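Undergrad: Take this structure first; my questions come after.
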Amino acid sequence: MKKQDWLVDNNGVCLPLKILSIPSKTASVYRLYRFLTDLEDILETIQDDEKRLGAIAPLMRKLLNESPWLYLSMLEPNPDTGWEIMTLYDEPSFPLTVQLVAWAGGTVSPIHNHGCWGIVALLEGKEKNTFWRRNPQPNQPDKIEKVGEKILTEGDILCFSADAIHHIEAMGNQPTISFNLYGETDYDRRFEFNARENTAINF
């Protein structure tokens, strides 16, 4: 089954991602080190975040299709928090973080952005992403409004612009497991939002 890759822009609009064609190397298994090397080539040659995402998404698809190692160490959510993160790669002074993230069924995340571009590939489970955008008012500068939602299932890829705002809900009784890739975070632009109180705090 052909899967669609998506981009959530800074206004919270979820659109089909424009895919850029990149040369493919032949290997029996797509290893993490090769994935990171390919990513570095893209980061050095493409400066625009949306174009970067269009070039990186096919690498994520290749990783999902040609990396059985990715499915061997499934992460379990922490029963106390409802989620767990396993960092696979985070090198100082290199603008990439690679993680596995697990959410317990029924868990809902805070509303947040990431302050960097990001890509999420769902490995297992079903996850609803709800998208928001800023709607500042004279007396409520951090007001946001809901824009839409997208349900992801196994094999779906979702890309985010740096200021895209969302929250997720792990649907069903089973955990969701995702492979997450983030660029270099600008912590001054990374916020957790409260839609009821119209507030935003750095995190």
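The values are calculated or read from the model by the stated rules, or taken from the named source; none is laboratory data. Here the structure is a predicted model, which means the values were calculated and not measured. Glycine also receives a Cβ, built like all others from the backbone with ideal geometry; neighbour counts cover every protein chain displayed.
Undergrad: Among residues belonging to the range 131-167 that are out of contact with any helix residue (DSSP H, G or I) (no Cβ under 9 Å at 6 or more places or on another chain) and β-branched (Val, Ile, Thr), point out the one that is farthest from residue 179 (Cα to Cα).
TA: Looking at the filtered set, the residue picked out is 144.
Undergrad: Same structure, new question: State all residues of the range 187-199 that are in a strand (DSSP E or B) and under 20 Å from the mean Cα position of the chain (by Cα); if no residue qualifies, say none. If you could, list the steps in order and put the result at the bottom.
TA: Step one: of the range 187-199, the residues in a strand (DSSP E or B) are 191-194, 199.
If the condition is that a residue be in a strand (DSSP E or B) and under 20 Å from the mean Cα position of the chain (by Cα), then 191, 192, 193 are the ones that fit.
Undergrad: I need the full set of residues from the range 100-133 which are charged (D, E, K, R) and in contact with a Pro (Cβ under 9 Å, 6 or more places away or on another chain), in order please.
TA: Passing the criteria: only 124.
Undergrad: Something else about it: Taking the range 162-191 on its own, how many of its residues are surrounded by 16 or more Cβ atoms within 10 Å (Cβ to Cβ) and in contact with a Pro (Cβ under 7 Å, 6 or more places away or on another chain)?
TA: So the answer is 3.
Undergrad: Does any residue of the range 68-91 turn out to be over 18 Å from residue 176 (Cα atoms) and in contact with a helix residue (DSSP H, G or I) (Cβ under 7 Å, 6 or more places away or on another chain)?
TA: Yes: the range 68-91 contains one or more residues that are over 18 Å from residue 176 (Cα atoms) and in contact with a helix residue (DSSP H, G or I) (Cβ under 7 Å, 6 or more places away or on another chain).
Undergrad: Of these, 154, 184, 169, 192, which one is charged (D, E, K, R), under 15 Å from residue 117 (Cβ atoms) and touching a residue at least 12 places away in the same chain (Cβ under 8 Å)?
TA: Of the residues listed, the single one that is charged (D, E, K, R), under 15 Å from residue 117 (Cβ atoms) and touching a residue at least 12 places away in the same chain (Cβ under 8 Å) is 184.
Undergrad: When you go through (1) part of a loop (DSSP other than H, G, I, E, B); (2) modelled with pLDDT of 95 or more one by one for residue 179, which number turns out not to apply?
TA: (1)
Undergrad: Could you please let me know if residue 184 is farther than 21 Å from residue 2 by Cα and in contact with a strand residue (DSSP E or B) (Cβ under 7 Å, 6 or more places away or on another chain)?
TA: So residue 184 fails the test.
Undergrad: Taking the condition assigned to a strand (DSSP E or B), of a type in the set (A, V, I, L, M, F, W, C), surrounded by fewer than 17 Cβ atoms within 10 Å (Cβ to Cβ) and under 16 Å from the mean Cα position of the chain (by Cα), does residue 7 pass?
TA: no
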